[in-house]
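Read through the structure below, which is laid out as structure tokens, and then see the notes.
The values are calculated or read from the model by the stated rules, or taken from the named source; none is laboratory data. Note that the structure is a prediction, hence the values are computed from the model and not measured. Here Cβ is always computed from backbone atoms with ideal geometry, including for glycine, and neighbour counts include all displayed protein chains.
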Amino acid sequence: MTEIAGRAGHRADGVVRESYSFACMRCGYGWEQSYEIEHHKDTDGHEAVRYVADGRVVPSPLSRPTCLNCDGHVVRIMRPGRVTSARSAAHRKHREHHGHREHHGHHWRLSDLLPSFRRAD
């Protein structure tokens, strides 16, 4: 199966929706993205896929993901919800430590996310 480029909108044989969490190992930025994966067949009957995010055709996030913050390519791909749960845990910890004061504009670093990814032994 190959990946096809081009504009979204051509009729797909099937569409699967998948979401992933990403964490940049270079700058620590974390984000989540959902994709519509369109399955197509070319004129010879070979299967191909097209990844669509926010209505735009994008490269496969699994081939060589790029950090949205620093353009780095050392990016960890995880199941959906990992970045959100890590941010929530870090936010709770921050509020407990600083006494419920609201803090806006915090830039998430890898060190903020890593404790949530450690396995319990």
Discussion item. Quick check on segment 36-85: of everything there that is outside any loop (DSSP other than H, G, I, E, B) and acidic (D, E), which residue is farthest from V16 (Cα to Cα)?
Written reply: E47
Worksheet item: Taking only pairs six or more apart or across chains, which ones have beta-carbon atoms under 9 Å, a first residue in segment 6-23 that is modelled with pLDDT under 80, and a second residue that is loosely packed, with under 10 Cβ neighbours inside 10 Å?
Response: R7/R56; A8/G55; A8/R56
Worksheet item: closer than 18 Å to A12 by Cα and either of a type outside the set (G, A, S) or assigned to a loop (DSSP other than H, G, I, E, B) (or both) - does that describe any residue in segment 28-35?
Response: yes
Worksheet, complete the sentence: Only one of S21, S60 is buried (at least 17 other Cβ atoms within 10 Å of the Cβ), of a type outside the set (D, E, K, R) and under 18 Å from the mean Cα position of the chain (by Cα), namely S21
